[in-house]
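One structure is given here, and the rest of the page talks about it.
Nothing in this text is a laboratory measurement; each read-out follows from the coordinates by a stated rule. These figures come from a predicted structure and were not determined experimentally. Don't worry about glycine lacking a Cβ; one is built from the backbone with ideal geometry, like all the others, and counts go over all protein chains shown.
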């Protein structure tokens with residue numbers, strides 16, 4: 001190994017130690033820290049995050065990277081290190097374009113905006129948030145002009161969260177979907193709905209924890225390389241492939257949401273646990289392709305978890321842990337977990353209407369960055385689209401445009417990745433069927449681990465070294481299309497709702 | 001505030017950030033980290049501990065401290081900072097006397113010795129551990145010759161864990177106790193014993209967790225400034241008075257141990273939570289007086305927790321959480337939690353025989369450091385003393401001399417602090433009765449918080465700024481004596497066992 005590569009490795013080791021401290025503080029603050037511990041934990045967390053940022057933009061690192069980019073050094077690197085060096089160089093160049101003053105202003109504005117958003121949401125009053133949203137839009141434009149002056153701004157934003165993706169492709173995919181989805185949802189809503197009153201009751205929290213454990217083990221989450229915690233909102237975080245953590249939130253009067261959160265976060269975690277362990281601690285393991293990441297969590301949650309056969313091998317155990325389910329047949333359970341409702345809140349939506357929630361956000365983001373629609377017109381635009389696609393109008397902005405925090409911290413361009421994930425899933429399902437045969441049968445036979453192994457081999461092990469379009473091409477052998485997802489929806493819901 | 005004091009504060013802030021990372025990694029490794037996460041967590045933990053050690057012995061710190069020790073600066077400091085500067089100077093001088101080479105050798109030997117001890121214990125074979133123990137004794141002697149060349153070696157060791165304590169005082173206290181305790185235990189063991197078969201059964205783990213929460217809240221543990229975790233062995237750790245954490249271990253077939261661990265660790269935690277918050281992040285809050293620290297955990301565990309009146313206000317709630325207790329009256333419960341047995345293992349002993357377990361260790365430590373008894377004679381000496389004081393002889397060294405890990409890492413002089421804690425408790429109880437009246441009545445009336453408040457005011461708030469002898473003097477107005485503890489034992493157990 002060359003001395004310079006060794007230098008890079010040592011540098012990354014040091015950066016990872018600080019990064020680990022920052023992440024562990026983050027984890028602890030959300031899962032267990034008592035409230036009075038906040039101030040000092042936050043102070044330490046800021047310190048370590050700042051150190052990581054400084055190290056990742058230092059002259060020293062630049063020198064090391066540039067040295068390794070020289071042909072005579074570069075040629076000696078193996079594929080992973082080639083990827084790492086190139087990717088770091090690329091990030092370095094983009095980050096260096098941002099003036100430090102501006103970056104600090106941006107962070108400050110974003111902190112204030114998040115606080116204003118929270119206040120506005122609680123007060124159900126968009127006007128509190130509006131000036132901050134306007135500012136964040138301006139700052140985001142400026143940021144992208146610094147980072148990627150040659151790219152159209154909204155495409156540059158989309159690229160941040162899904163490399164190689166552009167709005168031309170997304171327009172095509174989302175339009176394909178929307179045209180068929182809106183009428184399908186109307187038909188479903190008009191059909192007779194399942195009776196959900198049977199599900200009302202008490203579900204012991206500790207029993208729900210055991211259900212989570214059962215589900216995670218069932219789908220292939222490795223408890224030797226992962227663990228669980230409890231937080232207000234479920235999330236997944238990983239220190240490396242050897243320590244990936246998922247959280248959940250349990251409610252005594254409801255048990256289905258926590259089951260699907262467990263499966264969803266479990267999907268994210270299985271991805272991270274199965275990245276080639278050689279990539280640990282490098283950008284080759286940093287999954288910043290959110291569409292692909294989301295495709296894995298949603299594959300487990302929706303394609304597998306909302307399939308009746310998924311539950312056949314374990315339903316008895318669920319009933320044993322949650323005796324309330326004694327009164328509920330697997331058939332009734334299956335109908336309820338696929339109960340389509342036209343509702344206001346994205347995070348509570350079923351898999352079908354969820355797509356429309358995302359399309360609304362995508363179209364509004366385009367209206368902001370492409371058509372220059374002003375902030376004060378956005379609530380009206382939101383409500384108009386809700387009525388058009390879902391046939392309902394929010395009573396207030398808290399259940400409308402204020403419901404998600406994404407725009408408050410400037411994460412424009414993030415929303416589409418959720419739906420891209422599902423679109424990819426439709427394609428993965430088609431290919432998986434060709435290669436593994438009948439998926440329903442595999443699930444019913446308790447062979448879900450074969451599916452996990454397939455995903456490990458086809459997608460997970462590569463970590464971040466393949467770009468989203470390359471993954472789709474390599475796995476499915478064709479371009480991205482929304483047709484498989486739409487076909488999956490139509491077939492599945494025509495049966496369930498006897499359309 | 002002087003510039004130099006500000007410099008010290010900034011320096012401590014930085015040191016505390018590293019210290020917090022090291023402690024949080026420690027916490028995480030024991031409570032939640034999945035096993036494959038070990039290597040990288042350990043690496044980060046070593047890094048931060050080393051940084052803290054380097055910072056605590058740096059030339060820069062020495063310069064700051066020396067500057068603040070100058071009369072014109074020193075006089076401007078408030079009492080706390082005077083204490084902090086003096087104490088840091090003292091530690092600095094002692095630490096600087098240890099050659100770095102030797103320190104590293106010592107740490108290395110200690111790591112190897114711990115591993116050998118574990119192996120020996122599992123194999124029930126003292127000979128595996130003997131050469132390491134011999135080495136640790138030699139290293140400890142050397143260490144103390146460096147640190148405190150003018151002090152008699154065993155007194156210097158005792159001083160490390162209980163400042164101002166010496167073997168002359170301990171000899172007096174332990175002899176006083178032993179002379180009356182050995183015959184008392186013999187009488188108790190000869191008396192009719194309570195029937196403990198009723199306690200056999202299953203205790204739901206989650207219900208035990210709720211019992212722990214109930215007990216901690218009852219005695220005054222503040223969940224806004226503290227939290228709980230689960231580990232192999234219970235312990236308490238604090239980041240500051242605002243974040244103190246206790247752990248426990250729950251077993252399905254036994255519930256009493258976990259209750260008393262909760263109360264014991266809760267006692268430690270209440271101490272730390274109630275130190276003057278201005279002391280946070282300084283040596284004024286570093287409780288290195290283990291006897292005093294232990295006196296607080298043992299006061300809650302034994303003096304309060306093993307008093308029948310403690311349970312009167314909460315016994316119904318315990319029965320509700322652990323239905324097994326429906327068959328057990330409070331009277332029967334009281335007898336069981338004070339069931340005296342001559343048993344082998346210190347950590348499982350009742351409060352009476354516990355004293356004798358400690359005295360045995362103390363006498364053996366003196367034999368090692370004062371009389372130069374060789375390592376190969378120690379198991380025999382152990383067994384002889386067990387027979388003499390407790391009337392039983394261990395079948396093997398695992399339940400004899402190998403049971404505790406303390407000597408394996410060189411913590412000679414630590415054991416006596418456990419019993420000193422109980423001796424202090426006897427004195428505190430006397431004074432508390434004078435000042436608060438009938439303690440039994442306070443407990444029975446659910447007024448335990450008044451007791452906690454008294455301890456807060458008399459002991460906790462001072463943190464480490466008063467030395468053990470000063471605390472006893474200030475609280476009780478007299479010299480340390482074992483008479484109150486012995487009187488407490490005699491009165492209590494004469495009644496329980498109708499002697």
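How would region B:137-251 be classified by its alpha-carbon gyration tensor: rounded, prolate or oblate, with rounded meaning a/c under 1.5 and the a/b versus b/c comparison settling the rest?
On the way: a/c = 2.63, a/b = 1.31, b/c = 2.01.
Cα axes put region B:137-251 in the oblate bin.
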Quick one: with label points 7 Å out along Cα→Cβ, list the inter-copy distances for residue B:187 in nm, shortest first? 9.2
As I understand it, the value is the acute angle between the Cα axis of helix A:100-123 and the longest principal axis of the Cα atoms of chain A; what does it come to in degrees, rounded to 10? 20
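When a footprinting reagent is the concern and you count Cβ atoms within 10 Å, what order do A:18, A:334, A:300 take, fewest first?
Values: A:18 22, A:334 19, A:300 30.
Ranked by crowding around the Cβ, least crowded first: A:334, A:18, A:300.
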Hey, for residue B:235 with labels 7 Å out along Cα-Cβ, what do the inter-copy distances come to in nm, ordered shortest first? 2.9
Rounded, prolate or oblate: pick one for region B:1-150, where a ≥ b ≥ c are the square roots of the eigenvalues of its C-alpha gyration tensor, a/c under 1.5 means rounded, and failing that, prolate if a/b is larger than b/c, else oblate. oblate
Taking Cα atoms only, helix B:167-190 is inclined relative to the longest principal axis of chain B by an angle, in degrees rounded to 10, of 20
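Shape verdict for region A:383-437, please, from the Cα gyration tensor: rounded (a/c under 1.5), prolate (a/b greater than b/c) or oblate. Present the calculation step by step, with values, prior to reporting the outcome.
Numbers: a/c = 4.32, a/b = 1.99, b/c = 2.17.
In terms of gyration-tensor shape, oblate.
In deg cm²/dmol, rounded to 500, what helix-only [θ] at 222 nm does chain A give when every DSSP H run of at least 4 residues adds -39500 (n - 2.57) and the total is split over its residues?
On the way: 22 runs with 313 residues, N = 499.
-20500 deg cm²/dmol, from helical runs alone.
Please compute, for peptide A:24-36, the average count of beta-carbon atoms on other protein chains lying within 10 Å of each residue's beta-carbon. If you can, show how the numbers build up before the last one.
On the way: counts 8, 4, 0, 3, 7, 0, 0, 2, 9, 6, 13, 6, 12.
For peptide A:24-36, the averaged partner shielding equals 5.
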Which order do B:2, B:127, B:225, A:481 fall in if you start with the one that has the fewest other Cβ atoms within 10 Å? B:127, B:2, A:481, B:225
Report the full-extension gain for the segment residue B:30 to residue B:2: residue separation times 0.36 nm, less the Cα-Cα distance, to one decimal in nm. 5.9 nm
Arranged by the count of other C-beta atoms within 10 angstrom, fewest first, what order do B:197, B:422, A:49 take? B:197, A:49, B:422
What span do the alpha-carbon atoms of the protein assembly as shown cover on each of the three principal axes, reported in whole Å from largest to smallest? 93, 67, 55
Label geometry 7 Å along the beta-carbon vector: residue B:108 inter-copy distances in nm: 5.3
Give the angle, between 0 and 90 degrees and rounded to the nearest 10, that separates the Cα long axis of helix A:483-496 from the longest principal axis of the Cα atoms of chain A. 30
Working out 0.36 nm times the residue gap between residue A:75 and residue A:257, then minus their Cα-Cα distance, what length gain in nm do you get to one decimal? 60.5 nm
I want to check the label-to-label distance for residue B:405 and residue A:86. Put each point 7 Å from Cα in the C-beta direction and report it in nm to one decimal. 4.9
Roughly what % of DSSP beta bridges within region B:193-313 run antiparallel, to the nearest 5? 50
Descending principal axes extents, chain B, alpha-carbon based, whole Å: 65, 53, 51
Measuring from label point to label point, each 7 Å out along Cα→Cβ, what is the residue B:483 to residue A:317 span in nm? 6.6
Taking 56 Å as R0, compute the FRET efficiency from the Cβ-Cβ separation of residue B:470 and residue A:127 and round it to 0.05. 0.35
Report the antiparallel proportion of the DSSP beta bridges in chain B as a percent, rounded to a multiple of 5. 50
